[in-house]
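The values are calculated or read from the model by the stated rules, or taken from the named source; none is laboratory data. Owing to the predicted nature of the structure, the values given are computational and were not obtained by experimental measurement. Don't worry about glycine lacking a Cβ; one is built from the backbone with ideal geometry, like all the others, and counts go over all protein chains shown. Areas reflect the complete protein model, heavy atoms only, side chains present, ligands, DNA and RNA absent. Shrake-Rupley method; radii C 1.70, N 1.55, O 1.52, S 1.80 Å.
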Amino acid sequence: MKTLNIISVCGSGTVTSSMIAGKVKDLLEDNGYTAKTIEANPGGVDSLIDSGSYDLIVHTSPLIRKYDIPTIDAVGFLTGLGEDEFVEQLLATVKQITRRSTMLEILSKIMAAFGAAIVVPIVIFIIAMFLKVKPKRAFQAALNAGIGLTGFNMLIGAYTPIVTPVVNNM
């Protein structure tokens, strides 16, 4: 299972964020998830987001801006007033994050097992069927894509040993 990377934010990035990070980590472990946490102040969040791959921000201080990852206000978790709502929101968000990453892992494994020459034509066929293309024409398009990818792979495989020494000598 994926390890969640969580940023815990408070005004100074030390005491409160450490306490929230520990409680969040314990709560997630009690619910079958693994998490790594890092503490920050609101001014340090941007550099963390830019430097790493984070899944979630829990915060007790206002954030400087909106982020592309989920953010959850943890004041209720800190004070005990609204703790149940925080826990419910946290678990729902984590479930959504892990579901998304699980689907990507499955697709990655399928791609690795069968390769692009098999998977891409299947995807093209499925998309064509959704677009109400006649099955024969959809199959032809998928077959042509598979043949094209196979030919391209053969071409790359044939030229790589020739081109690699030339490029290394440049």
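A few comments on the model shown:
- Length-normalised contact order of the chain in % [C-alpha pairs under 8 Å, at least 6 apart]: 16 percent
- The slack in the chain from residue 12 to residue 101, taken as 0.36 nm per residue of separation less the alpha-carbon distance, amounts to 28.9 nm.
- Taking the helices alone, the chain has a mean residue ellipticity at 222 nm of -21500 deg cm²/dmol, built from -39,500 (n - 2.57) per DSSP H run of at least 4 residues and averaged over all its residues.
- Cα-only Debye scattering, segment 1-40: base-10 log of I(q)/I(0) at q = 0.18, 0.22, 0.24, 0.26 Å⁻¹: -0.43, -0.61, -0.69, -0.77
- GNM remark for the chain: springs join alpha carbons under 10 Å apart, and the peak mean-square fluctuation among 25, 95, 132 falls on 132.
- Counting every alpha-carbon pair across the chain, the share separated by more than 26 Å comes to 52%.
- Surface per residue (accessible, 1.4 Å probe) for the chain, Å²: 65 Å²
- GNM on the chain, alpha-carbon springs under 10 angstrom: the most fluctuating residue among 93, 150, 34 is 150.
- Within the accessible area of the chain (1.4 Å probe), percent carbon and sulfur: 63 percent
- Assigned charges on the beta-carbon of Lys, Arg, Asp, Glu; segment 1-108 dipole about Cα centre (debye): 260 debye
- Of the complete DSSP H runs in the chain, those spanning 18 angstrom or more by Cα along the long axis with a mean Kyte-Doolittle score not below 1.6 are 116-130.
- Gained length - residue 159 relative to residue 143, 0.36 nm times residue gap less alpha-carbon distance: 3.3 nm
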